[in-house]
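Working notes for the structure below.
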Amino acid sequence: MRQRGDTIAAIATARGRAALAIVRLSGPEACRIAAACFRGADLQAVPSHTAHFGYVLSPDGEPIDQVVATVFRTPRSYTGEDVVELTCHGGDLAPQLILETLLHHGARLAEPGEFTLRAFLNGKLDLAQAEAVADLIHAGSTRAHRVSLAHLQGRYSEQLQRLRSDLLELCAYVELELDFSDEDVEFADRAQLEALLDRTGRLLDELLRSYRLGELLRDGVRVVIGGRPNAGKSTLLNALLGQDRAIVSPVPGTTRDQIEAEAEIEGLRFRFVDTAGLRATADEIEAEGVRRAQQAIAAAEVLVYVFDLTVGLAPDEQAYLTRLRTEQPALPVIVVGNKRDLLDSAPELLALDRPVLALSARRAREDAAELQPLVRELVAAVTADLGSMDDSAVVMNQRHRQHLARAREAVQAARAALDQGLSGDLLALELRRALHELGAITGEITTEDVLDQIFSRFCIGK
Ligand SMILES: Nc1nc2c(ncn2[C@@H]2O[C@H](COP(=O)(O)OP(=O)(O)OP(=O)(O)O)[C@@H](O)[C@H]2O)c(=O)[nH]1
Ligand SMILES: [Mg+2]
């Protein structure tokens, strides 16, 4: 069990060679412990929010490193406690020796996320904001970073608070009626209750809907590039990445092992998978490549199906694409007619029940504009109508999604109770349930287990 009264220390920066590193201390003894090994200023006497140049000395009085000590006094610090941050030189040794010295003087090694846990317990952040800290650290794309920052700034929590206060008001009316039930009065106007419940339901729906985008932001989008051998799949991959990652050759059957690479496009993280060309083959290795390509398509979030415009889309390819509609109905498929540069006139876009994007992957290496229509399709395929959603309304966290779904269930049940003229008790019960679920997201209601689960995912020193 975590103790709150003691003083914790950890290296807050990544290991390895770097210009600087930070060793962090937080707790009631932070200033005393730092002062015990610091030569420069009296860190116990200096004012809050000041920085001091000096040396950290080892327990036997040897200088370890030149450092800058920054002092933050309670409650105006990240954790809300006294905090001292020692900025030393990077590398493996200086931060480690300084940390050991702090431990020698009475600090305890912090557990993962313990600084942020303390910030939460001291009311500096709510739970959703604390989780946003971890999301921000793990953000793999510009949009994911922006969403985490909006959550950290509390804009997402504000939305949840507004929902809660609406529900709380509703609940108060209903419970007041219950108190006066003998007198058969109605404090709450039914139509108003209905409207408020409907609005809450809609807001919850909206948040839940955003989870798909949140998931994509968190995990990236897996886009599989498939098609016949020699269609230009690897050339297209290289063009999308802006580097020659995959081998390109005029020999059909060049790509065998799957090639995966990431790229950020319009703020989203895409994981592109280039696959072996789909065909029946006697070559054992190539056949294995084809099997893997089929598996990759089965697990794809978007399929970019490439064919050679000079060859056209064979009947069995058309049949394959039609079959995909029933086999993977939720899979967005973008059909690309490649080698546009080899055609004199605009390509006749075949009798296919899907639109075809004609482009030249080869030309795209020199001219990024060539890829624009494909990029637009890719972004549209994954974000659908979510692309323009406000950052503060995007749910990125699986735990939140579960609570939101249960809150919506409760709101729906309350709405049904109202419709059926059921007793106020039942209505109040459902409203309380919804409030409970929303409170669990921001941490008004929480348990030690939940906190452990959340903060154990953090880095040490955060
Ligand atoms: N003219 C022209 N040639 C292209 C274009 N895209 C690819 N090619 C050529 O087509 C040939 C096959 O390209 P790849 O990218 O290796 O095709 P692939 O689909 O990956 O082929 P496999 O790995 O064998 O399945 C190469 O000679 C490329 O240079 C294009 O837009 N225009
Ligand atoms: Mg290839």
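If I compute solvent accessible area with a 1.4 Å probe over the protein chains, what percent of it on the chain is carbon and sulfur?
The C+S portion of the solvent-accessible surface of the chain is 51 percent.
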Inset, instruction - Using a 1.4 angstrom probe on the protein heavy atoms only, line up 142, 254 by accessible area, largest first. - result: 142, 254
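Take the alpha-carbon positions of the chain, form their convex hull, and give its projected area averaged over all directions (one quarter of the hull surface) in nm².
With the hull built on Cα positions only, its mean projection is 31.1 nm².
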Legend entry - Heavy atoms of residue 138: accessible area, 1.4 Å probe, square angstrom to 10: 110
Inset, instruction - Using R₀ = 41 Å, calculate the FRET efficiency as 1/(1 + (r/R₀)^6) where r is the Cβ-Cβ separation of residue 271 and residue 409; round to 0.05. - result: 0.75
Legend entry - Under the Debye formula (equal points on every Cα, no solvent term), log10 I(q)/I(0) of the stretch 216-386 at q = 0.12, 0.18, 0.20 Å⁻¹: -0.49, -1.21, -1.54
Inset, instruction - For residue 264, tell me the accessible area in Å² from a 1.4 Å probe, rounded to the nearest 10. - result: 90
Inset, instruction - Obtain the radius of gyration and the Kirkwood radius of the stretch 288-445 from its C-alpha atoms and give Rg over Rh. - result: 1.21
Legend entry - Cα-based helix-to-principal-axis angle, 127-138 vs the chain, degrees rounded to 10: 50
Legend entry - Nearest-ten-degree value, helix 284-298 long axis tilted from longest Cα axis of the chain: 60
Legend entry - Stretchable slack from residue 372 to residue 136, in nm (0.36 nm times residue separation minus alpha-carbon distance): 82.1 nm
Legend entry - Distance between modelled label sites at residue 285 and residue 402, nm, 7 Å Cα→Cβ extension: 4.6
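How big, in percent, is the set of alpha carbon pairs in the stretch 1-120 lying more than 22 Å apart?
25
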Inset, instruction - With a cut-off of 16 Å, note down the residues of the stretch 406-432 whose backbone N falls inside the zone around a label point 7 Å from the Cα of residue 180 toward its beta carbon. - result: 424
Inset, instruction - Return the calculated 222 nm mean residue ellipticity for the chain, to the nearest 500 deg cm²/dmol, obtained by summing -39500 (n - 2.57) across DSSP H runs with n ≥ 4 and dividing by the residue count. - result: -14000 deg cm²/dmol
Legend entry - Point-to-point label distance, residue 422-residue 48, nm (Cα→Cβ direction, 7 Å offset): 5.0
Inset, instruction - Could I have the simple spin-label model distance between residue 168 and residue 219, label points 7 Å from Cα toward Cβ, reported in nm to one decimal? - result: 3.5
Legend entry - Two-site FRET efficiency, residue 192 against residue 457, from Cβ-Cβ distance with R₀ of 30 Å, rounded to 0.05: 0.10
Inset, instruction - Ignoring everything but the protein chains, give the 1.4 Å probe accessible area of residue 209 in square angstrom, nearest 10. - result: 100
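The values are calculated or read from the model by the stated rules, or taken from the named source; none is laboratory data. Only a predicted model underlies this, so the values are computations on that prediction, with no experimental measurement involved. Heads up, the Cβs are rebuilt from the backbone with ideal geometry, glycines too, and the neighbour counts pull from every protein chain shown. For accessibility, only protein heavy atoms count, side chains too; no ligands or nucleic acids. Shrake-Rupley method; radii C 1.70, N 1.55, O 1.52, S 1.80 Å.
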